[in-house]
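Worksheet: the structure to be examined is printed underneath.
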Amino acid sequence: MSELNGYEVLSQAFVAEGVDTMFALLGDANMYWGAVMAQKYGVRVVHARHEHCACAMADGYARHTGKVGVATVTCGPGFTQIMTALTTAARGSIPMVVFAGDSPTSAAWYIQQLELAPLATATGARYLAVKSVDRMLDTVREAFYTARQERLPVVLGVPMDLQKAPFPWGAEYSPSTELMPTPQRPAPDPVLVDKLAALIMAASRPIILGGRGVLRSGAAASLEALAERCGALLATSLFAKGLFDHNRFGIGVAGAYASPLAREEFAACDLLIGVGAGLGHYTTEAGYLYPNAKTVQIDINPRGLYQGLRVADLHIRADAKATADAVLAKLAERDFSSAGVRSPMLANRIAQMAARPDAKEFLVAPGTVDPRPAMLELDAAIPKDWTVVSGGAHFAGIAVTHFYGRRAEQVHVLNDFGAIGSAFPAAIGIAAARGDGKVLLIEGDGSLMMHAQELETIRRHDIRMLICTVNDGGYGAEVHKFRAQGYDPRESKHGRGDIAAIARGFGLRGERITGLGRFKALFEAHLHADQAELWDLHVEDTIASAPYRRIHFGEV
């Protein structure tokens, strides 16, 4: 039996951790390990054209599957390229392992030598270095354990010479899954349950605001039952969008993307119960969204101070579902129920707002469309079982507010770091995970052009997905901010270009859209083509989203 080397045992360990798909750009420090993963162990490797995109693809894969996403890059300049994607994953609490090849420990000098640890930890990721053959498997196990248990990206630094070194011992490996603590639902303190029940009984206009923690806990139904009993309205953070869209008293997203009706209800709210949500700056509008409300935070990791804000008056460190059920039982024990502000009239107003989120009239230049009815039309054309991915630039204030009625698990808004250019590769990772083509990416033209080369990756790997580019001919966020301050926006306007032709040049289907009423037919054609496709939607660039008009133009 031939002696194993580092490539072999590292590959065996990753496969034992359940890795069957990874995203890569190979170079000297990771290429042989990557080849072993693909060619010997049959791991599906999606080869990106840029390291940032490989990392962002793994991020998207993890968001969709809940599994640990895996990316690999080489050392030095290969590693420096992933700083934005790594930060986005860290801010989003995404479990991910990045196999980062490192310069050889035995070399006196190496042109791509770079200290990986300071860069990795600066992004908020964890860094673990493989320092010896003896500890190689232990370090891999720790990387996956940390990613799973702490929900964050981990960079695994593996020097080239240790990868090549012989591994003289048996490669028996116990994966991190065997060490994970038994899943539990931390129960709330009964004293705090009593306090929250008393607050609810004293409130006349409560709102329950759910975040991503509600999804992880499976607490949505319990929260809806609690809201029904106490007459609370239901809202979500941006990252839990869609969670309560099916409920007739769900008022949508809180914060910057809140509807006028939701803002009205938040302003009148006297008790805000945040569940599994950070209640940070954007969700609470720096604390001004509900200025008259007592605030309760239910979370497995509640914070007294977050993003410079006092978060809540009462903190309950517990599982979301366990707490909702306990409070519901306490209210039933006290024979308390209330309709609150719930009424058929309010339900009708909520439905009307969902049907027409932004009614302001604008002039539209020939050859362009108003993006607001275009997004409503697109939403109607795409089935509800599709996954919708959105970037976080100006257009998101229209896309996010005009898409409605989709399960929160199938909506991903890539805005954890406020970085444009990440949604496209993340959507590729999601599409690779789904494997059925049912992924729609809505992205800006400036964002997409940052990584247009990945259109070729889609074609090469036959990854089916649909892309709608909201093409306003520039960087819309800056254009509208320039206009709001009285500046000429020409510095951020670069011309629309023909992005559909670019897609066709990479071997995909591409369609230029300059009028309304086309999405239904185009979608039918897309289904029959069974191929990735890009729709280049040319929109009127003077139409600012409602959030931008309110925040930057002072519109009431």
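The values are calculated or read from the model by the stated rules, or taken from the named source; none is laboratory data. Keep in mind the model is a prediction, meaning the values are calculated, not measured. As a convention, Cβ positions derive from the backbone with ideal geometry for all residues, glycine included, and neighbour counts pool all protein chains shown. For accessibility, only protein heavy atoms count, side chains too; no ligands or nucleic acids. Shrake-Rupley method; radii C 1.70, N 1.55, O 1.52, S 1.80 Å.
Quick look at the values:
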quantity	calculated
Of 481/520; 40/67; 294/321; 360/520; 321/520; 40/131, pairs whose Cα-Cα distance is over 28 Å	481/520; 321/520
Solvent accessible area, Å² - residue 123, 1.4 Å probe, full protein context	10
Heavy-atom accessible area ranking, 1.4 Å probe, most first, across 205, 141, 407	407, 205, 141
Euclidean distance of C-alpha centroids, region 231-261 and region 123-195, integer Å	36
Region 463-510: chymotrypsin sites (Phe, Trp or Tyr not before Pro) in DSSP loop, at most 15 other beta carbons within 10 Å	487
Cα centre as origin, Lys/Arg/Asp/Glu Cβ charges: region 294-423 dipole, Debye	340
The chain - percent relative contact order, Cα under 8 Å, separation 6 or more	12
Relative contact order computed over region 212-345 (Cα-Cα under 8 Å; 6+ residues apart), in percent	28
Efficiency of FRET between residue 363 and residue 504 - r from beta-carbon atoms, R0 41 angstrom, step 0.05	0.85
Region 374-394-region 408-436 distance, computed between alpha-carbon centres (Å)	13
Radius 14 Å from Cβ of residue 18, net charge of other residues (Lys, Arg +1; Asp, Glu -1)	+1
Accessible surface of region 238-298, 1.4 Å probe, proportion on carbon and sulfur as whole %	54
Estimated vicinal HN-Hα couplings, Hz - region 275-280 in sequence order (Karplus 6.51, -1.76, 1.60; Gly, Pro = x)	10, x, 10, x, 6, x
Low-density loop positions, trypsin sites (Lys or Arg not before Pro), region 341-382 - DSSP coil, at most 12 other Cβ in 10 Å	360
Helix-only [θ]222 nm of the chain, DSSP H runs n ≥ 4, -39500 (n - 2.57) each, per residue, nearest 500	-11500 deg cm²/dmol
Cα-projected label distance for residue 514 with residue 348, points at 7 Å along beta-carbon direction, nm	4.3
Solvent-accessible surface (1.4 angstrom probe) belonging to residue 281, in square angstrom, nearest 10	80
Cut-off 9 Å between beta-carbons: net charge of the residues surrounding residue 173, Lys and Arg +1, Asp and Glu -1	-1
Karplus (6.51, -1.76, 1.60) ³J(HN,Hα), θ = phi - 60°, over region 310-315, in Hz, Gly and Pro reported as x	6, 7, 8, 8, 9, 10
Per residue value of the accessible surface for the chain (all protein chains in place, 1.4 Å probe), Å²	41
Per-q log10 I(q)/I(0), the chain, q = 0.06, 0.10, 0.12 Å⁻¹ (Debye; single scatterer per alpha-carbon; no solvent)	-0.32, -0.88, -1.18
Amide proton proximity set for residue 209, modelled H, under 5 Å, gap of 5+	235, 273, 274, 275
